[in-house]
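The values are calculated or read from the model by the stated rules, or taken from the named source; none is laboratory data. Bear in mind that the values here come from a model prediction, so they are computed numbers and not experimental data. Reconstructed Cβ throughout: ideal geometry from the backbone, glycine too, with neighbour counts over all protein chains shown. Keep in mind that these areas ignore ligands, DNA and RNA; they rest on the heavy atoms of the full protein, side chains included. Shrake-Rupley method; radii C 1.70, N 1.55, O 1.52, S 1.80 Å.
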Amino acid sequence: MRPGTVAIIGRPNVGKSTLFNRIVGGRRAIVDDRPGVTRDRHYAQAEWTGRRFWLVDTGGWVVGEDDALHGSIRQQIRLAIDESDVIVFVVDTQAGVHPVDLEVAELLRRHRARVVVAANKADDLADDTSYHAFHELGLGDPQPLSAATGKGSGDLLDRIASLLPDTADEADEEIVQVAVVGRPNVGKSSLVNRLLGEERAVVAPEAGTTRDAVDSPLRYHGQTLNFIDTAGLRKRSKVEDEIEFYSALRTERAIERADVCVLVVDATAGVQAQDLKIAQAAWERGAGLVAAVTKWDLVDKDTQTAAAGERQVVERASFMGAVPFVYVSSVTGQRARKVLDLILSVAEARERRVATADVNRVLQDLVNRNQPPQRGRQEVKLLYGSQVATAPPAIAIVTNRPDAISESYRRYLEHGFRAAWGFTGTPIRIRFRRKRRKGRQ
């Protein structure tokens with residue numbers, strides 16, 4: 001079944017993120033006693049009794065705050081309500097009915113048929129009747145639960161599943177996980193919003209606006225791309241606040257689960273050492289990589305500006321020579337679609353498999369052109385090879401002396417394989433294996 005969408009909303013500190021984590025498993029959303037920790041819509045896939053759905057965590061609804069950030073959070077909540085099939089309105093049984101609860105209830109009145117009131121912090125379900133007070137909201141029977149302990153969460157999920165719309169069966173497909181990474185305030189959320197065509201992530205001029213990794217699915221050319229907009233990675237010495245520490249941790253986890261990483265670089269600042277460290281982390285993990293240079297509309301340039309910049313980057317990090325660059329403006333939309341095309345191209349290259357006969361033909365041509373350096377008296381021979389894995393591509397080469405193959409020759413082979421088959425934007429793993437002697441198992 002095609003998954004529906006379930007939004008979790010409510011005022012700050014009622015346990016929305018705790019409930020989100022309880023349903024999806026693990027600690028996907030940041031949980032903290034301070035209000036306002038969750039700012040963006042935070043997506044994750046969940047499943048209950050065979051029904052898959054997207055679960056959306058939102059920031060807390062705050063009244064009396066007229067600054068741009070709180071206004072943006074309220075707009076995010078309205079968007080989550082409008083796009084969701086089911087709305088879980090979380091309230092706090094220990095605090096009772098709060099004036100802000102009444103304001104949110106008024107917002108939800110016209111959506112009553114798809115609202116479930118989750119009366120959280122009812123830790124003693126057998127004797128706790130405090131949840132009955134929330135009938136005052138006029139949104140149906142409250143569902144008591146304790147998100148912290150899990151009590152009552154199954155009953156809540158049963159109600160959610162009963163409200164999910166029936167949808168046509170779809171063939172299962174692989175979703176391309178795309179992590180949007182980079183230093184703070186380089187324009188990651190602005191680029192994601194441009195690609196998605198809506199204000200999906202909170203954008204503000206101050207650094208550090210995005211704290212969680214925010215998942216946003218997009219259908220493009222028949223393929224589902226799941227964008228993970230992440231908090232910016234800083235040098236660890238500058239990560240002092242506990243919340244920022246966990247944000248950095250979630251960014252690293254986003255890289256871990258990504259098929260393709262889009263490294264966002266600020267054109268006005270140039271490529272920094274931290275940019276290259278982030279790129280190297282993604283490359284070493286085996287993710288595909290696209291370099292998106294943002295704010296390109298603000299740069300004075302000529303026809304050689306981009307090429308000269310790329311050469312300088314490759315001189316500092318040679319692996320970046322295999323990475324496609326795209327120069328974009330999130331404001332004007334310049335080349336935004338090219339980013340999507342490159343993501344699909346890199347994702348395809350990362351899954352590409354080459355026939356063994358083709359591997360050996362190219363390998364033989366490379367060896368004939370440039371023999372491996374010889375060490376000692378025994379000749380170094382490359383006997384044959386085959387591709388043994390994808391995502392990323394891995395090629396095993398059988399040799400009589402694997403320990404004698406130099407790093408420079410390994411890079412020579414990698415460049416030759418790229419020239420033959422592309423593999424644009426994806427690492428290639430080359431493994432040298434010793435030939436088994438006859439009679440050995």
Practice item. Go through the residues of segment 323-335 one by one and say whether even a single one is surrounded by 13 or more Cβ atoms within 10 Å (Cβ to Cβ) and in a helix (DSSP H, G or I). Key: no
Practice item. Could you list, in sequence order, all residues of segment 153-183 that are in a loop (DSSP other than H, G, I, E, B) and either at pLDDT 95 or above or of a type in the set (Ser, Thr, Tyr) (or both)? Key: Thr167
Review point. Can you name the residue in segment 44-90 that is hydroxyl-bearing (Ser, Thr, Tyr) and more than 11 Å from Ile8 (Cβ to Cβ) and is also modelled with the lowest pLDDT among such residues?
Key: Ser72
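In this structure, is Ser345 crowded, with 16+ Cβ neighbours inside 10 Å, modelled with pLDDT under 95, at negative phi and polar (S, T, N, Q)? Give the derivation first.
Working: crowded, with 16+ Cβ neighbours inside 10 Å: yes; modelled with pLDDT under 95: no; at negative phi: yes; polar (S, T, N, Q): yes.
So Ser345 fails the test.
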Check your understanding: For segment 357-382, which residues satisfy the criterion of being open to solvent by 70 Å² or more (accessible area, probe 1.4 Å) and among the polar types (S, T, N, Q)?
Key -> Gln364, Asn368, Gln371, Gln374, Gln378
Review point. Which residue pairs have Cβ atoms closer than 7 Å, lie 6 or more positions apart in sequence or on different chains, and pair a first residue in segment 341-365 that is touching a residue at least 12 places away in the same chain (Cβ under 8 Å) with a second residue that is assigned to a helix (DSSP H, G or I)?
Key: Arg352/Trp421; Val354/Trp421; Val362/Gly416; Val362/Phe417; Val362/Ala420
Study note, to complete from the structure: Within segment 256-277, restricting to residues that are outside any loop (DSSP other than H, G, I, E, B) and surrounded by fewer than 23 Cβ atoms within 10 Å (Cβ to Cβ), the one that is modelled with the highest pLDDT is Leu276
Check your understanding: When Arg110 is evaluated against the numbered criteria (1) farther than 21 Å from Asn13 by Cβ; (2) touching a residue at least 24 places away in the same chain (Cβ under 8 Å), which criterion, by number, is the only one it fails?
Key -> (2)
Study note, to complete from the structure: Output for Cβ contacts, cut-off 8 Å, separation at least six or different chains, first residue farther than 17 Å from Asp215 by Cβ and open to solvent by 80 Å² or more (accessible area, probe 1.4 Å) in segment 166-185, second modelled with pLDDT under 60 and among the hydrophobic types (A, V, I, L, M, F, W, C), reads Asp166/Met1; Asp169/Met1; Glu170/Met1
